[in-house]
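**Q** Quick one: this structure, given as structure tokens, is what I'll be asking you about.
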Amino acid sequence: EDIKTALRKHFESSGCEVTRVFVPIECQTGTPLGFAFIDVDDEQKAMELGRGYMGGCRIFVMMATNQPEYYSFPNFSGCAHCGTFLLERRMERFLARGRC
């Protein structure tokens, strides 16, 4: 959640309205896979962030559709529990909306 919050603030500081931040994680260790998907209202402003640093970490902004990770995570087949974790996360988000 800290990474998501930091990414949201970074992109909003450039004038973008962020609608979604997705940081893929390795389910067994909980370690981020090293990239994120951020949906914004103005892709030109987001692309202007280009290369730089955020919280001491180097970032590189590019269109997701130009990357293989957009379609699947290469060299990552998950584990026997990945489906279970995804279903639990979806249920948590559904219940958090308060519309049952």
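The values are calculated or read from the model by the stated rules, or taken from the named source; none is laboratory data. Since we're looking at a predicted model, the values are computed, not measured. So basically every Cβ, Gly included, is an ideal-geometry build from the backbone, and we count neighbours across all protein chains shown. The accessibility values were calculated without ligands, DNA or RNA, using every heavy atom of the protein model including side chains. Shrake-Rupley method; radii C 1.70, N 1.55, O 1.52, S 1.80 Å.
**Q** Please go through segment 73-96 and give me each residue that is closer than 22 Å to L7 by Cβ and either at pLDDT 75 or above or open to solvent by 70 Å² or more (accessible area, probe 1.4 Å) (or both), ordered by number.
**A** F85, L86, R89, R90, E92, R93, A96
**Q** Identify, please: which residue in segment 2-52 is more than 16 Å from the chain's Cα centre (by Cα) and under 17 Å from R89 (Cβ atoms) and is, among those, surrounded by the fewest Cβ atoms within 10 Å (Cβ to Cβ)?
**A** T29
**Q** How do the pairs read when you match residues in segment 3-19 that are modelled with pLDDT of 85 or more and of a type in the set (S, T, N, Q) with residues anywhere that are open to solvent by 80 Å² or more (accessible area, probe 1.4 Å) and part of a loop (DSSP other than H, G, I, E, B), using Cβ under 9 Å and keeping only pairs 6 or more apart or on different chains?
**A** Partner pairs satisfying both residue conditions: T19/D41.
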